[in-house]
Amino acid sequence: MTGDEAGPSRLDADVRPVPGAGHPLRRATPPLRPEAPVDSARPSRSALARVVAALLALAVVGLLAFLVVASIGAAGVNAPLAGRSFYVDPDSSAAVAAETTDDPAERHAAEVIAAQPAAVWLTPEEDPPGEVGEHVRRVMTAAGASSTVPVFVVYGMPGRDCGGQSAGGLSAEAYGPWVEEIASALGGRRAVVVVEPDSLALADECGDAGRRTALIAEAVDGFARTVAFVYLDAGHSNWVDVGRMADLLERAGVDRVRGFATNVSNAQTTEAERTYARRIAEELGGAHAVIDVSRNGEGPPIDDAWCNAPGLALGADPAGVQDEVVDAELWVKPPGESDGHCNGGPAAGEWWPEGAIALVRNAGQ
C-alpha cells in the first residue's frame, strides 16, 4: 500500500505549506505505485449512470406533462361551456321591470332575476320572418362586446303546444326559412341554441310525431352548419319514457348537433334531470345535455303542476358544468315570465310580478 494509505511517512515530512493556501500541497514526487493513466475523454461508469438517470427523469416528467395536457384537452372537449360566462340581456322582462316598477318588492325580485343570464326566446309573434335575424345579430354583437355566450330558444314550431297555453307558431312552409334566418344571423360565433321546447315531448299527445321530427330535422339542417352548441328539447324526467324520447331525438337528427335540453319551463330536481340525461345519452351513444334550473330550487310541486305552479323557487345560478354528459345548468325559462292564463298569471311569456316575487322569496333571496 502507498504511504497515504499506511499513515505518515517521510513524504509527509517534506510537505511544505504554500503561503496563503488553505491546505498543504504535496511536492511533485513520483508515486510509490504507478497509476493507470486517466482517459479524460471517456466518462466513468458512475457518470454514465448519472446521465442515464437524468434522461429517464426528464422522460418521466415529459410524459406526465403530456398526460396532464391531454387530460385538460379532453376535459375541454367534453365540457365546452365550463368556465364560460353567459349573456345577460339588458332588455329582458326582468330588467325592464326593475327600471319601471314603483313596487319595492317587485323591484327587488326583478333586480335579482335580471342580474343572472337567461335565455332570449325567439318567437315568430315577436320576431317574424325578415326581422328575427336583426334581433339575433344585435344580441350576438352585444355578447361579443362582453365576451359572453348568448342562449337562444327557437320557439316557432307549427302547431306549437298543441294549441295550449303557448299556441301559435309558423306554417310548415315558413318554418324552415325562419330558422335559416336565425342560423345565418349567428355569424360564425359561439351561442347556445335550444330548439323547440315541448315539441318532441308533445309529439304523441298531439298525434303528429312524424311531422314534428321532420320539422326539427329541418331546423337541424340550418344549425348544423354553425358553430353553435345546439340542443333539441327532450321534455323532462317525469314526462316521456327514456327509450321513446331517445327514439324521437334520433329521428329529429340529434346526432348532428351537440345534444338535447331537459326540464325547460319545469321544476324537476337537478339530480333527477342529470339521471334522465345520462340514460338518454346512453341510449343515443354519447349525446350531451343542458338542464333548465331556472325554477327548480324547491323541486316540483307535489301535484306535478307546471303552469305557474305555486311554491316554486329560483334554482342555481346558470353555469357551465364539468360532466361527461351535462354541459351546463341554465336559466332557459326566464324566471318571472308567465306560463299562461293559469293560477292567476297573464298570457304566456308576459312578465308576472307576483310570480317573480314568489320565486325570489321562496329561494330565500
Task: Those residues of the range 163-191 which are part of a loop (DSSP other than H, G, I, E, B) and touching a residue at least 24 places away in the same chain (Cβ under 8 Å), in sequence order - done: GLY164, GLN165, SER166, GLY169, LEU170, LEU186, GLY187, GLY188, ARG189, ARG190, ALA191
TODO: Would you confirm whether any residue within the range 213-225 is touching a residue at least 60 places away in the same chain (Cβ under 8 Å) and within 29 Å of ALA114 (Cβ to Cβ)?
DONE: no
TODO: Could you run through the range 136-157 and say how many residues are surrounded by fewer than 18 Cβ atoms within 10 Å (Cβ to Cβ) and either of a type outside the set (A, V, I, L, M, F, W, C) or over 26 Å from the mean Cα position of the chain (by Cα) (or both)?
DONE: 7
TODO: Could you please let me know if GLY345 is more than 20 Å from the chain's Cα centre (by Cα) and either surrounded by fewer than 23 Cβ atoms within 10 Å (Cβ to Cβ) or closer than 24 Å to GLU111 by Cβ (or both)?
DONE: yes
Task: Residues located in the range 226-243, provided they are touching a residue at least 60 places away in the same chain (Cβ under 8 Å) and surrounded by fewer than 22 Cβ atoms within 10 Å (Cβ to Cβ) - done: ASN238
- [ ] Scan (1) of a type in the set (A, V, I, L, M, F, W, C); (2) surrounded by fewer than 18 Cβ atoms within 10 Å (Cβ to Cβ); (3) under 23 Å from TRP351 (Cα atoms); (4) modelled with pLDDT under 95 for the single condition ALA316 breaks and write down its number.
- [x] (4)
Task: Within the range 332-342, considering residues that are over 26 Å from the mean Cα position of the chain (by Cα) and of a type in the set (Gly, Ala, Ser), the one surrounded by the fewest Cβ atoms within 10 Å (Cβ to Cβ) - done: GLY340
Task: Residue in the range 329-355 that is farthest from ASP161 (Cα to Cα), counting only those that are without any contact (Cβ under 8 Å) to a residue 60 or more places away in the chain and part of a helix (DSSP H, G or I) - done: GLU354
- [ ] Collect the residues in the range 163-203 that are hydroxyl-bearing (Ser, Thr, Tyr), touching a Pro at 6+ places or on another chain (Cβ under 9 Å) and more than 11 Å from ALA219 (Cβ to Cβ), keeping them in residue-number order.
- [x] SER166, SER171
Task: Filtered residues of the range 301-313 (kept if surrounded by 16 or more Cβ atoms within 10 Å (Cβ to Cβ) and either out of contact with any helix residue (DSSP H, G or I) (no Cβ under 9 Å at 6 or more places or on another chain) or among the aliphatic types (A, V, I, L, M) (or both)) - done: ALA305, TRP306, ALA309, LEU312, ALA313
- [ ] Run GLU329 past the list (1) under 17 Å from the mean Cα position of the chain (by Cα); (2) buried (at least 23 other Cβ atoms within 10 Å of the Cβ); (3) within 20 Å of GLU126 (Cβ to Cβ) and report the number of the one that doesn't hold.
- [x] (3)
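The values are calculated or read from the model by the stated rules, or taken from the named source; none is laboratory data. Predicted model, so just to flag it, every value in this text is computed and none were measured. In this analysis, Cβ positions are derived from the backbone assuming ideal geometry, glycine residues included, and neighbour counts consider all displayed protein chains.
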